[in-house]
Amino acid sequence: MKINYIFRHPEVGFSIQRVFQTVNLGVKKVFDTEETFLPNSKSNIPAILENGVFARKKQLDINHITGDAHYLVYFLNKSNTIVTVHDIMYYSYLSGIKRKLWKVLYIKSLKKAKKVVFISEFAQQQVLNEISLKKNQYSIIPNPVSPDFIFKPKEFNTTKPVILHIGGKLERKNLARTIKALENISCHLRIIGKLSKKNSLLLHECKTDFSNVFNLTNEEIVMEYENCDIVNFPSLFEGFGMPIIEGQAVGRIVVTSNIPPMNQVAGGGAVLVEPSEIKSIHEGYKNIIANDVFRKKMILKGLENVEKYKLSTITKQYTSLYNELIEK
């Protein structure tokens, strides 16, 4: 029995790849696995056809579409195909014929899968608002935290904390409001990801003490978490929010949004702010820096919360799902 993890082209992004290569670390101890990467990074009709035909030729005993390329279900054996859905936020930005076509390719296609896995209640509700699925066809399995993220105690820098922000260009990562919220707060803003021109200008206008890096290896990203004092993730929307549990696992206090799924993923172990309100983010930071007891309490709650995202826990859920398909 062999499981085929099907990934989108690496140029599209590494987030889903990182998650499922972590899942594979656990699953390959139980099953034979293989990783297949789609040949075309585009999402036009010729690219979809090319990717579909390619995936069809690579079929194994169980085909697991790890995310994004939901349309592959139309090309694969329906009886042994699983799709993991991270979110369908892009759909809300579309209109007209593009919206209708996207719904067929990325939402209605899920009805054809044997099993659909959602990474959060939020992602599940997004889809169920658009289509109906059979009760036994879908389930929720959250993303695991990589074993690379382990508790590393660090004395908090109260005079000038290092604030780690993941995501430079994407507006939904809320960097602009973060920059404004940190005005008049002594800190160093460490930004991972390429900056937009707009945010670059804003950083200089606000005279923010910052540094910026991108194209980091997994090992370098782990080090960034270990070197920071606070993880900043007041995103406007996400399907899950990996930086929340990565920060918690390392033992750093996390600032995130008081909206689903971030407030659900945080499990009471993060400082929740209103992502659209600069004042709320500002007050959240002032409280963290000034209140040592509160800060330590949040870190402990974060460490408790991350237990349910450990690789061993998530591996059991996926192996159970694969065994269910094998038995049928």
Flagged in segment 9-58 as open to solvent by 40 Å² or more (accessible area, probe 1.4 Å), in a loop (DSSP other than H, G, I, E, B) and closer than 16 Å to Y74 by Cα, in numbering order, are S43, N44, K58
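Yes or no, residue by residue, for (1) on the phi < 0 side of the Ramachandran plot; (2) open to solvent by 10 Å² or more (accessible area, probe 1.4 Å); (3) in contact with a Lys or Arg (Cβ under 9 Å, 6 or more places away or on another chain):
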site	(1), (2), (3)
V162	yes, yes, yes
N174	no, no, no
T208	yes, yes, no
I253	yes, no, yes
P261	yes, no, no
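Go through segment 194-206 and count every residue that is outside any loop (DSSP other than H, G, I, E, B) and either surrounded by 14 or more Cβ atoms within 10 Å (Cβ to Cβ) or among the aromatic types (F, W, Y) (or both). Spell out how you get there, then give the answer.
Quick first cut of segment 194-206, residues outside any loop (DSSP other than H, G, I, E, B) only: 197-205.
Subset that is either surrounded by 14 or more Cβ atoms within 10 Å (Cβ to Cβ) or among the aromatic types (F, W, Y) (or both): 199-200, 202-203.
Adding up the residues that qualify gives 4.
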F37: touching a residue at least 40 places away in the same chain (Cβ under 8 Å) and aromatic (F, W, Y), yes or no?
-> no
Do you know which residues across segment 78-110 are open to solvent by 20 Å² or more (accessible area, probe 1.4 Å) and not in a helix (DSSP H, G or I)?
-> H86, D87, L94, S95
Would you point out which residue out of I191, I245, I179, I185 is outside any helix (DSSP H, G or I) and open to solvent by less than 10 Å² (accessible area, probe 1.4 Å)?
-> I191
With (1) at pLDDT 95 or above; (2) closer than 22 Å to Y309 by Cα as the list, and D32 as the residue in question, which single condition is left unmet?
-> (2)
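Which is closer than 30 Å to N24 by Cβ, acidic (D, E) and not in a strand (DSSP E or B), of E283, E304? Working first, answer last.
Values: E283 fails: closer than 30 Å to N24 by Cβ.
The unique qualifying residue is E304.
F75 - would you say it is more than 21 Å from the chain's Cα centre (by Cα), open to solvent by 10 Å² or more (accessible area, probe 1.4 Å) and of a type in the set (F, W, Y)? It would help to see each step written out before you state the result.
Numbers: more than 21 Å from the chain's Cα centre (by Cα): yes; open to solvent by 10 Å² or more (accessible area, probe 1.4 Å): yes; of a type in the set (F, W, Y): yes.
Considered against the rule, which asks whether it is more than 21 Å from the chain's Cα centre (by Cα), open to solvent by 10 Å² or more (accessible area, probe 1.4 Å) and of a type in the set (F, W, Y), F75 comes out as yes.
Would it be correct to say that E327 is farther than 19 Å from N232 by Cβ, free of Cβ contacts under 8 Å to residues at least 24 places away in the same chain, of a type outside the set (K, R) and touching a helix residue (DSSP H, G or I) at 6+ places or on another chain (Cβ under 8 Å)? It would help to see each step written out before you state the result.
Numbers: farther than 19 Å from N232 by Cβ: yes; free of Cβ contacts under 8 Å to residues at least 24 places away in the same chain: yes; of a type outside the set (K, R): yes; touching a helix residue (DSSP H, G or I) at 6+ places or on another chain (Cβ under 8 Å): no.
Criteria not met by E327.
The values are calculated or read from the model by the stated rules, or taken from the named source; none is laboratory data. Model, not experiment: these values are computed from the prediction. No Cβ is skipped: glycine too gets one built from the backbone with ideal geometry, and neighbour counts run over all protein chains shown. These accessible areas exclude ligands, DNA and RNA; they are computed on the full protein's heavy atoms, side chains included. Shrake-Rupley method; radii C 1.70, N 1.55, O 1.52, S 1.80 Å.
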